[in-house]
Amino acid sequence: MSEPYPWHGEVLLAIAQRLQQGALPAAIGLSAAEGWGGRALLSAATLLLLELPADKDPEELAHPDFRWVAPEGAAIKIDQIRALNAFAVQTSQIAPRKVVAVLDAHLMNVNAANTLLKTLEEPPPNTHILLCTPYWNRLLPTIRSRCQSYQVQAGVGQAEAWLQQQAVPFSPQRFAQAGYAPLTMRDQFAELDVDAWINKVATASQFGELVNDAIETGAPLLLAAWYRVLIQQQSKQPNRVLLAFAEELIDTRRMIETSNSTNIRLALERLFHLWQQVSKRLPRQAG
């Protein structure tokens, strides 16, 4: 069962209204920024279309009229989309309509995306394909043009109120480091002081514990937070060395996110060694 979030209500209401009017399109794009519960939004929309109770978990659902598609490793592959297409042309059995939910749709490789496009160009009747991604603009323009898109509005005030209800200490600085993302702040950064952790990297004689912290928190999330700290420092005192390290940091994050063959521990240790070298060349207040 996915946790409901208040900022999803507007999107789900719009979908429910279109469904009631019989005007819901075959292809539906759902977009929620990272840390705003895209997976939960996709689950809630799926159950809405299947007319199933909200306490079900679509990822665990054995249903003849539903398919859940998620990345295998770092990508959604062509075989997964071929199976989706084969399912889409079947006749619904017990539900009022067939539903396909695609998580992190931006991770479709080129062949997979082009294969899906064939189905979106001539959608089967009584079938709805939900494409969920925090990066709507990374989808092929031809796919985006065939979807009715719904965007979660990331309201800071609503997020702050929700975090307070979750007993998570809130400050603008920490919220910025968490990427202005309430779920990231609650789940990864509620107890982690990013600035203190970065300072530990700069002075550590061994990196084992710090690497473990990064992996446990989620290396891409922590590296993104680190990048935001660097940007804050750049705004106060521009520094070419700091900017060059920021580029290395982003490259490392991208490599960890997109490659199944990346050795995360080695990639992080290399980055930490580089940070120690950079820190020695920075003014004391920026290190």
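A few comments on the model shown:
- Residue that is farthest from Gln90 (Cα to Cα), among those in the range 52-69 that are crowded, with 20+ Cβ neighbours inside 10 Å and among the charged types (D, E, K, R): Arg67
- Failed item in (1) farther than 19 Å from Tyr180 by Cα; (2) exposed (fewer than 13 other Cβ atoms within 10 Å of the Cβ), with Ser235 passing the rest: (1)
- The condition of being over 23 Å from Gly179 (Cβ atoms) and out of contact with any His (no Cβ under 7 Å at 6 or more places or on another chain) holds for only one of Arg39, Arg82, that being Arg82.
- Qualifying positions in the range 106-144 - β-branched (Val, Ile, Thr), more than 21 Å from the chain's Cα centre (by Cα) and assigned to a helix (DSSP H, G or I): Thr115, Thr119, Thr142
- Ala167 falls short on exactly one of the conditions (1) assigned to a loop (DSSP other than H, G, I, E, B); (2) in contact with a helix residue (DSSP H, G or I) (Cβ under 9 Å, 6 or more places away or on another chain); (3) of a type in the set (A, V, I, L, M), and that condition is (2).
- Test: residue in the range 138-145 that is small (Gly, Ala, Ser) and touching a residue at least 60 places away in the same chain (Cβ under 8 Å): no
- Residue tally, condition farther than 25 Å from Asn114 by Cβ and touching a helix residue (DSSP H, G or I) at 6+ places or on another chain (Cβ under 6 Å), over the range 57-96: 2
- Contact annotation: residue pairs with Cβ atoms under 9 Å, 6 or more positions apart or on different chains, pairing a residue in the range 8-34 that is free of Cβ contacts under 8 Å to residues at least 24 places away in the same chain with a partner that is surrounded by fewer than 21 Cβ atoms within 10 Å (Cβ to Cβ) and not in a loop (DSSP other than H, G, I, E, B), are Ala23/Gln17.
- Restricting the first member to the range 63-74 and to residues that are in contact (Cβ under 8 Å) with a residue 24 or more places away in the chain and small (Gly, Ala, Ser), and the second to residues that are in a loop (DSSP other than H, G, I, E, B) and crowded, with 19+ Cβ neighbours inside 10 Å, the beta-carbon pairs closer than 9 Å and six or more apart or on different chains are Ala70/Asp104.
- The residues on offer are Val229, Val201, and the sole one that is within 22 Å of the chain's Cα centre (by Cα), buried (at least 17 other Cβ atoms within 10 Å of the Cβ), at pLDDT 85 or above and not basic (Lys, Arg) is Val229.
- Residue satisfying condition, being in contact with a Cys (Cβ under 6 Å, 6 or more places away or on another chain), in contact (Cβ under 8 Å) with a residue 60 or more places away in the chain and either among the aliphatic types (A, V, I, L, M) or surrounded by fewer than 14 Cβ atoms within 10 Å (Cβ to Cβ) (or both), within set Leu49, Leu42: Leu42
- The residues of the range 259-269 that are surrounded by 13 or more Cβ atoms within 10 Å (Cβ to Cβ) and assigned to a helix (DSSP H, G or I), listed by number, are Ile264, Arg265, Ala267, Leu268, Glu269.
- Among the numbered conditions (1) in a helix (DSSP H, G or I); (2) among the acidic types (Asp, Glu); (3) modelled with pLDDT under 95, the only one that Glu34 does not meet is (1).
- In the range 98-122, of all residues being of a type in the set (Val, Ile, Thr) and surrounded by fewer than 20 Cβ atoms within 10 Å (Cβ to Cβ), the one that is modelled with the lowest pLDDT corresponds to Val110.
The values are calculated or read from the model by the stated rules, or taken from the named source; none is laboratory data. Here the structure is a predicted model, which means the values were calculated and not measured. Virtual Cβ from ideal backbone geometry, glycine too; neighbours counted across all protein chains shown.
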